[in-house]
Amino acid sequence: MVNNVKTFVLLAGLMSIFLLAGQLLGGSQGLLLGGSIGMLMAFGSFWFSDTMVLKGYHARVVTAEQAPELFAMVDDLRQRAGLPMPRVAIVPSPQPNAFATGRSYSRAVVAVTEGMLASVPREELRGVIAHELAHIKNRDMLISTVAAGIASVIGYLPYALLFFGRSDDDDGNGLMQIAFALLAPIMAMFIQFAISRQREFAADRTGAEILGEARPLAQALTRIEALARQIPMPVSPALAPLAQVNPLTGRGGLGRLMSTHPPTEDRVQALLALDAGR
């Protein structure tokens with residue numbers, strides 16, 4: 001519940017930045033235009049999320065005949081989670097990682113990389129898949145795609161200022177426009193990453209509940225982060241928050257704010273505490 005409230009507050013903050021940008025750059029008409037564009041971008045990102053994410057990761061959807069063991073594992077865990085069978089996809093990357101996407105239960109996709117299948121033991125892989133199914137169960141894709149859509153539009157504010165900046169403002173307002181246009185994308189990025197971190201903690205907890213224990217996921221997180229730091233996987237920064245572990249995770253200070261995921265050691269401690277409390 002606490003994570004859900006924090007996520008709502010962060011989303012409200014993200015939308016507020018967008019609306020304020022419209023007001024500052026275009027007055028009341030800019031506010032209306034900004035709100036309309038924000039809603040359209042959020043809807044478009046949500047509606048086409050599975051297609052865009054799969055394409056961005058170069059993932060291919062596979063059948064039970066093509067990946068029988070993976071398919072059976074997802075099928076078993078999704079039944080434990082009380083979910084319909086999602087599509088299963090494989091990403092052609094040697095980096096061990098995974099993600100989930102899709103706007104609804106019927107459009108959901110669970111994807112793992114070839115590196116995940118090759119380097120992670122079976123029980124740990126079950127923990128990873130349980131985590132991704134938790135994202136689907138918690139409907140995190142709605143939250144993350146709306147946040148990504150709004151943040152992406154805010155990222156274009158410096159360019160929008162060049163074409164739509166209000167020329168009738170005095171020098172003070174003009175400087176304010178420039179400052180806000182440059183700072184707003186940075187603020188939006190911080191908020192988007194903070195939303196992602198809150199959803200990861202929630203998915204870890206739900207994934208442990210699906211699996212019936214937390215230790216396999218905790219062990220998997222430690223393993224795949226260590227490997228992911230050694231093996232690059234080129235992907236758009238906008239899609240990085242969807243991955244199970246981000247190799248650019250910071251360890252403190254500004255690094256924590258810039259990270260798309262909570263520090264792995266924090267996630268592992270929280271997971272092990274769940275098992276200790278059983």
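Only the coordinates and a few stated rules stand behind these numbers; no lab work does. Because the structure is predicted, anything quoted here is derived from the model rather than measured. Glycine gets a Cβ as well: all are built from the backbone with ideal geometry, and neighbour counts include every protein chain shown.
Short version: ³J(HN,Hα) in whole Hz for each residue of region 91-106, in order, from phi by Karplus 6.51 cos²θ - 1.76 cosθ + 1.60 (θ = phi - 60°), x for Gly and Pro, what are they?
Here the 3J(HN,Hα) series is 9, x, 9, x, 6, x, 6, 7, 7, 10, 8, x, 7, 7, 4, 6 Hz.
Would you mind checking which residues have amide H under 5 Å from residue 95's amide H? H placed 1.01 Å from N; only 5 or more apart, or other chain.
Close amide H contacts, sequence-distant or interchain: 115.
Quick check: pseudo-label points 7 Å beyond the Cα along Cα→Cβ at residue 51 and residue 114, how many nm apart are they?
2.7 nm
Listed highest first by mean packing, meaning other Cβ atoms within 10 Å per residue, what order do 67-76, 85-94 come in?
85-94, 67-76
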